[in-house]
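Each remark here refers to the structure printed beneath this line.
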């Protein structure tokens, strides 16, 4: 069958069972948009800014097990998409981004809306392609999806010049793809796994530390099973929340800069640490040299060999898909006789419970002024802990992670690696489209939300009933906190004057806006949003305490055990 | 420590920038980098001379392996290997210098491949040390121009880097 390049692009998306494409049209993608217009199975979501297109595709991917797809035009369309692409890259999210390019003959001529998209995106994609021949479109898109979702997932960009999308050729979608230069490992080395299991069983102070890899590999069930089989304490990083059910006795909360006292202490003083799909990030282990002071054996399971022994020396590396490796560990444990040493484990738990007894997550509530933590707790109550929660970046992100216990994976969407403000609403859009019957809440701040506020319009057009919980403290809260603690209280440019009336702003887009000033009104407003206005977008503008800080805290450059637990520690 | 890393990479446009971009983005050193297609025109062979601690070299090889277009990576300096570099030097050659330069060229088993009444172009292959020594043996004021290819490397004996 002879088709145009543009028609082939759409056929390929259909073959990949793509439900939604998030995008924005422009000159270089006119043929592709024309082909999109003439079919119905791939639905297009028209965003208001290309950055949001990529974030929304990213949110869709994070909340499902699917590859997210974005479509943008050349030049500014592609450069606007870069932040979204880099955000997905840092968190290993599978995306395919299709960008238009100026016609082949115009490339390099400084043509209108021309940029070197492949060059600009090269450092922040898993891979990218410039398709110069219409006959290569189908195989390239097949490769792009394959690369995006296999191995360590990531965004893949396909740049298609306008003339290539117009040319015709015989179309056939390749059934399989093989690339001699790309063969990701799936199964872990059984000898290494055996060693790991023996090391784990002999541990006196064991700790399980898991990250986004557990979520990406859909291995929450296996992690839970292994953890319960062993009876060891477990912590989930910011990216790994929901990998193990929060609230369970074995769960110690999140580790790291704003993690719990018990998680950080147990990480630090463990004698055997099992790291699963996590990468010993600077926000998680603090100063590496301080972390290395305590002798401990480290087992590290990761699909990406370059994540192993990158920041921390690992004793038992296991390269492979987290799910496969955990399954093999469970198999070996269940078939063997050996069990953990009960006396040692009891003593270790006694110590862990002592740490937990410090109650580091307690904050001083108030009847006068809304505490941001209180809003998150109420949101958890009102949604029964069953919502998909997205966040932007800053204090509100940490409070969301700390006070909304996630019991399932793919319920918590945030930009952990790149820390991109402005992801919250687009993530919620992608998640709500993927899960039309679920409650989707976006916990944000007045600064972050303004970075993609234009998407209120997209939400109206596509009737997305997301609930925006704006923790409005009139400050770039995290910046203010650091300025208070480390820069002598000089609040350089962290205060925002002239904020809009967010409730009215939301109303002007046709949504519901509610301003909440008093602690006693928080729960009522949330209930109103999730029941009375169930099918509408509600913008809840909570006026929260501008002086509240995120604790516990490990300062940058300090060790994990050197925590500030509350304002009294200062 | 100095290391010589050899790799096979798909011969596609942009492949070189992926490798060089990786080094600059992660702050690794490149002392030299050479690249050309192999007998199989769909693949290029690259030789990178770099320096770094064992941890950094481990990361470099892992990060190179992670690039989608990289087919194989070997640190050939981990075992017996041969390194060669080509150098072309244009030397001012007048009067009594002409004979003296000719003698030095012979000592280094180099070749004069272009002659004018005022200059020679000398071609010399060898490891980096030999090339450096040749330059050291020529009066600096006489050296008009130097071009070096960067190092090419290959393992000795049975060690073969092939698909």
Hey, does region A:206-213 have a residue that's under 30 Å from residue A:481 (Cβ atoms), in a helix (DSSP H, G or I) and assigned by TED's automatic domain parsing to the domain that holds residue A:319?
-> yes
Which of the residues belonging to region B:1-31 are out of contact with any helix residue (DSSP H, G or I) (no Cβ under 8 Å at 6 or more places or on another chain) and farther than 23 Å from residue A:119 by Cβ?
-> B:8, B:31
Limited to region B:47-57, what total is found for residues that are touching a strand residue (DSSP E or B) at 6+ places or on another chain (Cβ under 9 Å), in a helix (DSSP H, G or I) and surrounded by fewer than 19 Cβ atoms within 10 Å (Cβ to Cβ)?
-> 1
Tell me, yes or no, whether region B:13-26 has at least one residue that is more than 8 Å from chain A (Cβ to nearest Cβ) and over 20 Å from residue A:121 (Cα atoms).
-> no
Test: residue in region A:176-193 that is farther than 30 Å from residue B:63 by Cα and either outside the structural domain of residue A:92 (by TED's automatic domain parsing) or more than 31 Å from the chain's Cα centre (by Cα) (or both) = no
Take residue A:157 and decide whether it is within 13 Å of chain B (Cβ to nearest Cβ) and either buried (at least 18 other Cβ atoms within 10 Å of the Cβ) or closer than 30 Å to residue A:336 by Cβ (or both).
-> yes
Could you list, in sequence order, all residues of region A:501-527 that are out of contact with any helix residue (DSSP H, G or I) (no Cβ under 7 Å at 6 or more places or on another chain), assigned to a helix (DSSP H, G or I) and surrounded by fewer than 18 Cβ atoms within 10 Å (Cβ to Cβ)?
-> A:504, A:507, A:508, A:520, A:521, A:524
Any hit, region A:49-69, residues being more than 26 Å from residue A:463 (Cβ to Cβ) and out of contact with any strand residue (DSSP E or B) (no Cβ under 7 Å at 6 or more places or on another chain) | no
Conditions: (1) assigned to a loop (DSSP other than H, G, I, E, B); (2) modelled with pLDDT of 95 or more. Residue B:19 meets all but one. Number of the miss?
-> (1)
Test: residue in region A:180-196 that is under 30 Å from residue A:77 (Cα atoms) and at pLDDT 95 or above = yes
Condition set in contact (Cβ under 8 Å) with a residue 40 or more places away in the chain and touching a strand residue (DSSP E or B) at 6+ places or on another chain (Cβ under 8 Å), scope region A:486-500, selection surrounded by the most Cβ atoms within 10 Å (Cβ to Cβ): answer is A:496
Might you let me know whether region A:397-409 holds any residue that is under 16 Å from residue A:55 (Cα atoms) and either in the same structural domain as residue A:212 (by TED's automatic domain parsing) or in contact with a helix residue (DSSP H, G or I) (Cβ under 6 Å, 6 or more places away or on another chain) (or both)?
-> no
Looking at (1) within 14 Å of another protein chain (Cβ to nearest Cβ); (2) more than 19 Å from the chain's Cα centre (by Cα), find the lone condition where residue B:73 falls short.
-> (2)
Inside region A:233-321, counting only helices (runs of 4 or more DSSP H) that do not spill past its ends, which hold 3 or more residues that are within 22 Å of residue A:399 (Cβ to Cβ) and more than 14 Å from every other protein chain (Cβ to nearest Cβ)?
-> A:261-269, A:282-285
Among the residues of region B:150-161, which ones are touching a strand residue (DSSP E or B) at 6+ places or on another chain (Cβ under 8 Å) and either without any contact (Cβ under 8 Å) to a residue 40 or more places away in the chain or on the phi > 0 side of the Ramachandran plot (or both)?
-> B:150
Look through region B:48-59, keep the residues that are closer than 19 Å to residue A:312 by Cβ and in contact with a helix residue (DSSP H, G or I) (Cβ under 8 Å, 6 or more places away or on another chain), and return whichever of them is farthest from the other protein chains (Cβ to nearest Cβ).
-> B:52
Among (1) at positive phi; (2) in contact with a strand residue (DSSP E or B) (Cβ under 6 Å, 6 or more places away or on another chain), the one test that residue A:231 misses | (2)
Are there any pairs, at least 6 apart or on different chains, whose C-beta atoms fall under 9 Å, with the first in region A:369-385 and free of Cβ contacts under 8 Å to residues at least 12 places away in the same chain and the second assigned to a loop (DSSP other than H, G, I, E, B), and if so, which?
-> A:384/A:439
Just give me the residues in region A:448-492 being within 29 Å of residue A:22 (Cβ to Cβ) and out of contact with any helix residue (DSSP H, G or I) (no Cβ under 8 Å at 6 or more places or on another chain), in sequence order.
-> A:450, A:451, A:457, A:460, A:461, A:463, A:476
For region A:108-154, name all the residues that are part of a helix (DSSP H, G or I), over 27 Å from residue B:23 (Cα atoms) and within 12 Å of chain B (Cβ to nearest Cβ).
-> A:136
Would you check if residue A:55 is free of Cβ contacts under 8 Å to residues at least 40 places away in the same chain and under 23 Å from residue A:388 (Cα atoms)?
-> no
Filtering region B:115-124 down to residues that are more than 22 Å from the chain's Cα centre (by Cα) and either closer than 18 Å to residue B:149 by Cα or in a loop (DSSP other than H, G, I, E, B) (or both) yields B:116, B:117, B:118
When region B:102-149 is checked residue by residue, the ones that are buried (at least 17 other Cβ atoms within 10 Å of the Cβ) and at positive phi are B:126
Do we find a residue being over 30 Å from residue A:214 (Cα atoms), in a helix (DSSP H, G or I) and at pLDDT 95 or above anywhere in region A:49-65?
-> no
Is it fair to say residue A:82 is part of a helix (DSSP H, G or I) and either surrounded by fewer than 17 Cβ atoms within 10 Å (Cβ to Cβ) or more than 14 Å from chain B (Cβ to nearest Cβ) (or both)?
-> yes
With respect to the numbered conditions (1) closer than 30 Å to residue A:127 by Cβ; (2) more than 19 Å from the chain's Cα centre (by Cα); (3) outside any loop (DSSP other than H, G, I, E, B), which one is the sole condition not fulfilled by residue B:112?
-> (1)
Could you tell me whether any residue of region A:68-79 is in a loop (DSSP other than H, G, I, E, B), surrounded by 24 or more Cβ atoms within 10 Å (Cβ to Cβ), in the same structural domain as residue A:122 (by TED's automatic domain parsing) and touching a helix residue (DSSP H, G or I) at 6+ places or on another chain (Cβ under 9 Å)?
-> yes
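The values are calculated or read from the model by the stated rules, or taken from the named source; none is laboratory data. This structure is a prediction, so every number in the text was calculated from the model and none was measured. Cβ sites come from the backbone with ideal geometry, for glycine too, and all protein chains shown count toward neighbours.
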